[in-house]
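Below is one structure, written out as structure tokens; the observations come after it.
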Amino acid sequence: MLAARPSIRSLTPSKIRELFNEGIGREDLLPFWVGEPDEPTPQFIRKAGLDSIAAGETFYTHNLGIPELREALAAYVSRLHGPIAPDRIAVTSAGVSALMLASQLLIDPGDRVVEVVPLWPNLQEIPRILGAQVATVPLRFATAGWQLDLERLLDALSPGTRAVYINSPNNPTGWTITRAAQRTVLEHCRRHGIWIFADDAYERLYFEDSGVAPSFLDIAGEGDRVISTNTFSKTWLMPGWRLGWLVVPGALIEDLGKLIEFNTSCAPVFVQRAGVVAVTQGEPVIQRTLERFRRARDYLVGELNAIPGVEAALPAGTMYAFFRVAGMGDSLACCKRLLREAKLGLAPGSAFGPDGEGFLRWCFAASDERLTQGVERLRLALAA
Ligand SMILES: Cc1ncc(COP(=O)(O)O)c(C=O)c1O
């Protein structure tokens, strides 16, 4: 029989993709299902990529990235989270690759890992691709904000557990781990030798005062089993460039370089050049995006809560509202109906695991006008 490995055959196909495929070519549709910014990459960042190609930079780079980018990222991460040396940073082909590499580096088949859910589907499937056993700890919904049951997480992090995946701010809920909870989790993981994979993809889309979400990097030392993964996709409006990075303990960097060689060998050099400009000159882009998304969030969550049967918490971070619809048993079926009858594209909560059922995800990286039209379509569809 011609067949992929059992762990690959059992991967769950993306439900968002299933809907997306149904909506292809539909111009009358208002899509809010994909998690990407609605603006193209700023011109000055695009130009850096074009200049690099024009200069003939079309060759391989060092596995860990060009020194300029590793240094720029080290300075950036150090500014946000305290001193990190460039030799702890590896440049990757986007955040998803950073997560796969971190997992390949440390997860063996049969290892037990724990994830806080609901969660971005890619992050749920990566450990499964590697043959790990995945245990989940669900966040609890409250209109005041999603909550982590810390005792439940600590119980799940039993001795022998290899790693915990924490995405904070969390896609899809916007839940953000508190500093106090981080300290408790770090202490616990230190005691039991458990790795913390911190997916910091949305750390700069954080609406509290500081504008930077608490990161495990703030409190971990180089000797801690902590890996932070990150991406240019959201922070600098660069999803199509496929650029990201990892911060790892120095002791792992050489092995990580080998793994990158056998995965992608390196990120494209002209993409890395654009990355240097983004990291060193992109702070105004982040501030502008954050303000725009904050207004969109406040508007959307207010409007959603005004629809009978809908309950939404204000997300502390990300660009998503993850809201409950009373009486909705099958979120995928509901999304298909919204697509067909209301021309509205939302992501089903079940795409983020069974604990997301009963909810819908709305990406609010969109203009006021589109959000207003979308809310009206949802209001009419739910009333029907
Ligand atoms: C939680 C989370 N982590 C990581 C990523 C990685 O993004 P990319 O692969 O575009 O860098 C995403 C993208 O949606 C995400 O939602």
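Annotations
- Glu187 vs. criteria over 24 Å from Ser93 (Cα atoms), more than 13 Å from the ligand (Cβ to nearest atom), among the acidic types (Asp, Glu) and modelled with pLDDT under 95: no
Residues are listed down the side, and each one gets a yes or a no for (1) under 30 Å from Ala55 (Cβ atoms); (2) in contact (Cβ under 8 Å) with a residue 12 or more places away in the chain:
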position	(1), (2)
Ala251	no, no
Glu254	no, no
Cys266	yes, yes
Gly275	yes, yes
Gly282	yes, yes
Arg292	no, no
Ala312	no, yes
Ala316	no, yes
Gly327	no, yes
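- For segment 311-326, a residue qualifies if it is closer than 18 Å to Thr289 by Cα, away from the ligand (no atom under 14 Å from the Cβ) and in a loop (DSSP other than H, G, I, E, B), and the qualifying residues are Leu314, Ala316.
- Number of the exception - Ser7 against (1) more than 16 Å from the ligand (Cβ to nearest atom); (2) hydroxyl-bearing (Ser, Thr, Tyr); (3) part of a loop (DSSP other than H, G, I, E, B): (3)
- Residue match in segment 173-180 (condition: more than 16 Å from the ligand (Cβ to nearest atom), of a type in the set (A, V, I, L, M, F, W, C), in a strand (DSSP E or B) and without any contact (Cβ under 8 Å) to a residue 60 or more places away in the chain): no
- In segment 212-235, residue nearest to Gly317 (Cα to Cα) [restricted to those that are within 11 Å of the ligand (Cβ to nearest atom) and either in contact (Cβ under 8 Å) with a residue 60 or more places away in the chain or of a type in the set (A, V, I, L, M, F, W, C) (or both)]: Lys234
- The C-beta contact set for segment 191-211 (first residue on the phi > 0 side of the Ramachandran plot, second residue of a type outside the set (A, V, I, L, M), distance under 8 angstrom, 6+ apart or interchain) comprises Gly193/Arg225; Gly211/Arg204; Gly211/Gln287.
- Residue identified as hydrophobic (A, V, I, L, M, F, W, C), within 20 Å of Ser233 (Cβ to Cβ) and in contact with a Phe, Trp or Tyr (Cβ under 9 Å, 6 or more places away or on another chain) among Ala321, Ala312: Ala321
- In segment 257-288, the residues that are in contact with a helix residue (DSSP H, G or I) (Cβ under 8 Å, 6 or more places away or on another chain) and not aliphatic (A, V, I, L, M): Asn263, Thr264, Cys266, Phe270, Gln272, Arg273, Gly275, Thr280, Gln281, Gly282
- Here the condition is being closer than 26 Å to Pro348 by Cβ, buried (at least 19 other Cβ atoms within 10 Å of the Cβ) and touching a helix residue (DSSP H, G or I) at 6+ places or on another chain (Cβ under 6 Å); of Val116, Val137, it holds for Val137 alone.
- Looking at Val34, Val113, Val96, just one residue is within 14 Å of the ligand (Cβ to nearest atom) and more than 17 Å from Glu203 (Cα to Cα), and that residue is Val34.
- Qualifying residue in segment 251-267 (condition: in contact with a strand residue (DSSP E or B) (Cβ under 6 Å, 6 or more places away or on another chain) and within 16 Å of the ligand (Cβ to nearest atom)): yes
- Val77 vs. criteria surrounded by 23 or more Cβ atoms within 10 Å (Cβ to Cβ), among the β-branched types (Val, Ile, Thr) and farther than 30 Å from Ser210 by Cα: no
- Hey, Arg26 part of a helix (DSSP H, G or I), over 27 Å from Leu139 (Cβ atoms) and touching a residue at least 60 places away in the same chain (Cβ under 8 Å) or not: no
- Out of Leu73, Leu123, Leu69, sole residue that is within 18 Å of the chain's Cα centre (by Cα), in contact (Cβ under 8 Å) with a residue 40 or more places away in the chain, part of a helix (DSSP H, G or I) and within 16 Å of the ligand (Cβ to nearest atom): Leu123
- Candidate set: segment 352-375, residues that are assigned to a helix (DSSP H, G or I) and touching a helix residue (DSSP H, G or I) at 6+ places or on another chain (Cβ under 6 Å); chosen: the one surrounded by the most Cβ atoms within 10 Å (Cβ to Cβ): Gly356
- Flag if Val271 is more than 16 Å from the ligand (Cβ to nearest atom) and modelled with pLDDT of 95 or more: no
- Which numbered condition Pro86 misses (of (1) in contact (Cβ under 8 Å) with a residue 60 or more places away in the chain; (2) surrounded by fewer than 20 Cβ atoms within 10 Å (Cβ to Cβ); (3) in contact with a helix residue (DSSP H, G or I) (Cβ under 7 Å, 6 or more places away or on another chain)): (1)
- Answer residue from segment 190-211, given it is among the small types (Gly, Ala, Ser) and within 13 Å of the ligand (Cβ to nearest atom) and is nearest to Leu101 (Cα to Cα) among those: Ala198
The values are calculated or read from the model by the stated rules, or taken from the named source; none is laboratory data. This one's a predicted model, so the numbers in the text were calculated from it and none came from an experiment. Ideal geometry is used to build each Cβ from the backbone, glycine not excepted, and the neighbour counts take in all protein chains shown.
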